[in-house]
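Asks: This is the structure, below, for whatever I ask next.
The values are calculated or read from the model by the stated rules, or taken from the named source; none is laboratory data. Note that this is a predicted model, so its numbers are computed, not measured. Counting neighbours? That spans all protein chains shown, and the Cβs are built from the backbone with ideal geometry, glycine included. We work out accessible area using only protein heavy atoms, side chains counted, and drop any ligands, DNA or RNA first. Shrake-Rupley method; radii C 1.70, N 1.55, O 1.52, S 1.80 Å.
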Amino acid sequence: MSKYLPKNGSKKLKRRPSKELAFRVSLISDTHINEAEDFSASPYPANAEANPRARYIFDQIKQSDSKFCIHLGDMVNPVPELPSYGAAAENFHSIASRLTIPLHLMPGNHDIGDKPVTWMPAGMVNKEQIDLYRDHFGQDFFSFDYENCHFVIINSPLINSGDPREMKQAKWLESDLKENRSKRIFLFSHYPLYVSNPKEPESYDNIDEPGRSWLINLIETYKPEALFTAHVHNFWYDVIGETEYYIVPSTCFVRHDYSEMYRIGGGSQQGRNDTAKLGHITLEIYEKGHVAHYHRSFAGCLADGPISAPPVVKRPHIKTVDIQNIYIDMRHAWAEELTVSPSGAVDEFRRKIARNDYPIMAVWEMGIRGLRVPIQDLEDEKTRRRMRLMRDVGHNFHVYVYDIPTVEQISLIRENTHLISQLEIVISWDKIKEYTKVLNDLTNQFRLDIILSRVNRKDSAKTSGGKFNHLISHGFSLSETGELSNFLSDNKHLVSGVQFTITRGDCPWKASELVQKFANATGCTPYLYVKSTEASPAERFDDEISNTLRFGDTCLAAIGNNVNVIIDTFDDADRGYFTRTGLVDRRFNPRVASNIVSELIQRLGMDGPWQVKQDDNTYRLINSQNKTIRVGLEKSLNSGEKLINPFTGREDKAHEPSVYIIEG
């Protein structure tokens, strides 16, 4: 481990798995199989592709080494009272027959009838529909063991229904959880308990009271390791007591009323065909702990026949990545709650509040543990809770504050030092003599790594090319290393680190080498803030290829030179000042850059340690086996090198990537 990593970054994190991988389980949901190929009663074209989209994913699961598969409900699209239900059920079994492993099913509202929803026209769960479900799909609630784990499947539409079988299931579930409390329990429900908040009012998308509190009480009592739910066709993550709580996406379509969460147009089919949000889950169960890997399908389709789907793309996950010196500046809110207006489709009589968890999904699959956030995230109670949850799975929070913290902020920081990996204090360097004693006091109070940064100096240029310069400069320039070295020599142990900033015109390879020398000379930890922009706020930096190369080089330079870097752009800045493309777009879907970073994190984490090698103007990393890795365009390929497609992690040209990982 690097001596320049944050002290708090190495503390034990309770949700990261340990010991050996025991086995894998595939999770699939909301396939919405139709009664005929390429046809759906739904008016949306995405629904008409339900069958080939499900076939594609079942084929991917077939190629995996999962021990079994669990379907979280809504196997079919026609509801039980329709005459097409039986044909759709037959099609489901035909498509799922590709699997060679056991398939466990649970009822969704399309399979067995809706929960009590008085404003919806669909029929509610009842005895006739339960019997019909059992005829086509088997038991509607049950449990089974695999190794030392206990898997529990419930019929969630029954909850609050008043049907006599509701009480039968409730007694069984309470007894089953009690009898198996010594095992690792994984619980599965089609309906989520809630979407974003356990106190949220009833909607089409959650379990209403009193059933919600009853089930939450069981979870808090018997502490299953995880709860997986579906139905809402989007991703959310939370923790209930000690239980990790997931809402998983669909294979078929996105519930596009939640497209309100993105500040961008609805997209294909008004957001319903947001293909990057479709896919399935591989649940990796370790001897201690688990990881839920999400595999994006991008609406891949497979016709009936001998042709196979491509294998899933393997991505890293924040829970198992060891690389800790790459950070992203989370400029936009990453745990934001937004208002979803009544749609007239599934909810019409009140607004819904939903937190957008797609930023978290994106950083998880990139494997980036470091997040730079303003102190206002710590000040906001809801965001602070999310920081705590993210800290437990492996994130490191680099919290920054402008000027010396207030009395209230000091108290808040002291109470939450366990959430902060390091505290960046941005001050006016022209007043550093006034701040020295205060900084020393804060270092002693917090027992945190304090990182010193500066804002514009008095002598910094206010004009550029005859025009007023609106650029707010923060972070030290590389030309100030000598001045900083002298200051740190005179003020030993005042701060743990210093933040430098480079603009788009500066090479991250050369800059990281320079700050590494600074660290060796001073013993002070450098953080290199890598910008994607220059001085003019009106200039556009939306060349995705150029930005991707810069992001990739920044990550490689960080690993090779063993320095901490901060990437300045997570999601696109497509309006306002300093516009540029980021690692993900405004729907938080992956760009080429995020695929490059994800694949680099995965590869660099396996074959290290790595060192920098420079040939002419080409930088790359090299390990002890003389394996090399860099990023570049296809035209830069040299003899003895191979192109790795960042979209697939293989030597192919699927999706026609513009930038490749190049290995030698």
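Asks: Taking 1 over the mean of 1/r across every pair of different Cα atoms in region 538-664, what Kirkwood radius in Å do you get?
Replies: Its Kirkwood hydrodynamic radius stands at 15.1 Å.
Asks: Keeping the other protein chains in place, figure out the carbon and sulfur percent of the accessible area of region 385-437, with a 1.4 Å probe.
Replies: Numbers: 1130 of 2150 Å².
About 53 percent, which is the carbon plus sulfur part of the accessible surface.
Asks: How big is D for region 567-618, in µm² s⁻¹ as a whole number, if Stokes-Einstein is applied with the Kirkwood radius of its Cα pairs at 20 °C and 1.002 mPa s? Present the calculation step by step, with values, prior to reporting the outcome.
Replies: On the way: Rh = 13.1 Å.
It diffuses with D of about 163 µm²/s by this estimate.
Asks: Let me test this: with uniform point scatterers at the alpha carbons of region 287-391, what is the Debye-based log₁₀ I(q)/I(0) at q = 0.20 1/Å?
Replies: Normalising to I(0) and taking log10 leaves -1.11.
Asks: Okay, next question. Just the number, please: carbon plus sulfur as a percent of the accessible area of region 1-154, 1.4 Å probe, no ligands or DNA/RNA counted. It would help to have the intermediate numbers written out before the result.
Replies: On the way: 3200 of 6230 Å².
Carbon plus sulfur share of accessible area: 51 percent.
Asks: Could you sort Lys277, Lys437, Lys127, Lys613 by their accessible area in this structure, using a 1.4 Å probe and putting the largest first? Could you put the intermediate results ahead of the total?
Replies: Working: Lys277 0, Lys437 140, Lys127 105, Lys613 80 Å².
The ranking, largest first, comes out as Lys437, Lys127, Lys613, Lys277.
Asks: In terms of modelled amide H atoms, which long-range or inter-chain residues lie less than 5 Å from the amide H of Met106?
Replies: His71, Gly73
Asks: Match the structure shown to one of the listed values (i) 27; (ii) 24; (iii) 63 of percent of Cα pairs over 45 Å apart, computed from it, and give that label.
Replies: Derived directly from the coordinates: (ii).
Asks: Going 7 Å from the Cα of Trp214 along its beta-carbon direction, which residues of region 152-187 have the amide nitrogen within less than 11 Å of the resulting point?
Replies: Only 158-174 fall inside the zone, counting backbone N under 11 Å.
Asks: Give the Debye-formula value of log10 I(q)/I(0) at each listed q (0.10 Å⁻¹), with one equal scatterer per alpha carbon of region 153-299, two decimals each.
Replies: For region 153-299 at q = 0.10 Å⁻¹, log10 I(q)/I(0) is -0.39.
Asks: Which far-off residues, 5 or more places away or on another chain, put their amide H under 5 Å from the one on His150, with H placed in the peptide plane?
Replies: Here the answer is Arg184, Ile185, Phe186, since their amide H atoms fall under 5 Å of that of His150.
Asks: Another question, if that's okay. What ³J(HN,Hα) values, in whole Hz, does the Karplus curve 6.51 cos²θ - 1.76 cosθ + 1.60 give for region 651-664 when θ = phi - 60°, with x put for Gly and Pro?
Replies: Running phi through 6.51 cos²θ - 1.76 cosθ + 1.60 with θ = phi - 60° gives 7, 8, 10, 4, 6, 6, x, 8, 10, 10, 8, 10, 10, x Hz.
Asks: Could you tell me how far the Cα centroid of region 373-389 sits from the Cα centroid of region 21-43, in Å?
Replies: About 36 Å separates the Cα centre of region 21-43 from the one of region 373-389.
Asks: Taking θ = phi - 60°, what integer Hz values does the Karplus form 6.51 cos²θ - 1.76 cosθ + 1.60 yield along region 387-394, in sequence order, with x for Gly and Pro?
Replies: 4, 5, 5, 5, 4, 5, 8, x
Asks: Can you give the calculated 222 nm mean residue ellipticity of the chain, where each DSSP H run of n ≥ 4 adds -39,500 (n - 2.57) and the sum is split over every residue, rounded to the nearest 500 deg cm²/dmol? Spell out each step's value before the answer.
Replies: Numbers: 16 runs with 180 residues, N = 664.
Taken over the chain, the calculation gives -8500 deg cm²/dmol.
Asks: Sequence-distant or interchain residues sharing an amide H contact under 5 Å with Arg372, placed H: which?
Replies: Amide H neighbours of Arg372, under 5 Å, 5+ apart: Ile328, Asp329, Met330, His398.
Asks: For region 555-597, what Kirkwood radius comes out of the mean inverse Cα-Cα distance, in Å?
Replies: Details: mean 1/r = 0.0876 Å⁻¹.
After inverting the pairwise mean of 1/r, the radius is 11.4 Å.
Asks: Each residue of region 413-421 in order: what ³J(HN,Hα) in whole Hz does its phi give by Karplus 6.51 cos²θ - 1.76 cosθ + 1.60, θ = phi - 60°, with x for Gly and Pro?
Replies: Residue by residue, region 413-421 yields 5, 4, 6, 10, 4, 5, 8, 10, 7 Hz.
Asks: Chymotrypsin sites (Phe, Trp or Tyr not before Pro) within region 163-249: which are DSSP loop residues with at most 12 other Cβ atoms inside 10 Å? Could the numbers behind the result be given before it?
Replies: Working: sites: Trp172, Phe186, Phe188, Tyr194, Tyr204, Trp214, Tyr222, Phe228, Phe235, Trp236, Tyr237, Tyr245, Tyr246; in loops: Tyr194, Tyr204, Phe235.
The qualifying sites: there are none.
Asks: Return the carbon/sulfur percentage of the accessible area of region 478-635, one whole number, probe 1.4 Å, all protein chains in place.
Replies: Values: 2740 of 6210 Å².
On region 478-635, the fraction of accessible area on carbon and sulfur atoms equals 44 percent.
Asks: Evaluated at 4 °C with a viscosity of 1.567 mPa s, what Stokes-Einstein diffusion coefficient in µm²/s does region 479-589 have when Rh comes from the Kirkwood expression over alpha-carbon pairs?
Replies: On the way: Rh = 15.0 Å.
Value of D from the Cα-based Kirkwood radius: 86 µm²/s.
Asks: If one computes the Cα centroid of region 532-574 and of region 147-169, what distance in Å separates the two points?
Replies: After rounding, the separation between the Cα centres reads 50 Å.
Asks: Could you please state, rounded to a whole Å, how far the C-alpha centre of region 277-327 is from the C-alpha centre of region 500-521?
Replies: So the two Cα centres are separated by 35 Å.
Asks: If I model a spin label as a point 7 Å beyond the Cα along the Cα-Cβ vector, how far apart are those points for Ser42 and Ala654 in nm?
Replies: 2.3 nm
Asks: So for the pair Val407, Tyr577, with labels modelled 7 Å out along Cα→Cβ, what separation do we get in nm?
Replies: 3.3 nm
Asks: Which entries in the list Lys62/Lys183; Lys178/Lys382; Lys127/Lys277; Lys171/Lys223; Lys67/Lys288 go over 26 Å, if you measure between the two C-alpha atoms of each? Intermediate values should be presented prior to the final figure.
Replies: Numbers: Lys62/Lys183 28 Å; Lys178/Lys382 33 Å; Lys127/Lys277 35 Å; Lys171/Lys223 18 Å; Lys67/Lys288 18 Å.
Pairs exceeding 26 Å: Lys62/Lys183; Lys178/Lys382; Lys127/Lys277.
Asks: Next up: Size of the dipole of the chain about the Cα centre, Lys and Arg at +1 and Asp and Glu at -1 on the beta carbon, nothing else charged, in debye to 20?
Replies: 2180 debye
Asks: Something else about it: Over the chain, with the other protein chains present, what is the accessible area per residue in square angstrom, probe 1.4 angstrom? Write out the running numbers ahead of the final one.
Replies: Details: 26460 Å² over 664 residues.
That works out to 40 Å² for each residue.
Asks: Where the only charges are on Cβ atoms (+1 Lys, Arg; -1 Asp, Glu), what is the dipole of region 515-664 about its Cα centre, to the nearest 20 debye? Could the numbers behind the result be given before it?
Replies: Numbers: 18 positive and 21 negative charges, 65 e Å.
My answer is approximately 320 debye.
Asks: Oh, and also: Mind checking the dipole of region 13-87: about its Cα centre, +1 per Lys or Arg Cβ, -1 per Asp or Glu Cβ, Debye to the nearest 20? Could the numbers behind the result be given before it?
Replies: Working: 9 positive and 10 negative charges, 168 e Å.
The dipole magnitude comes to about 800 debye.
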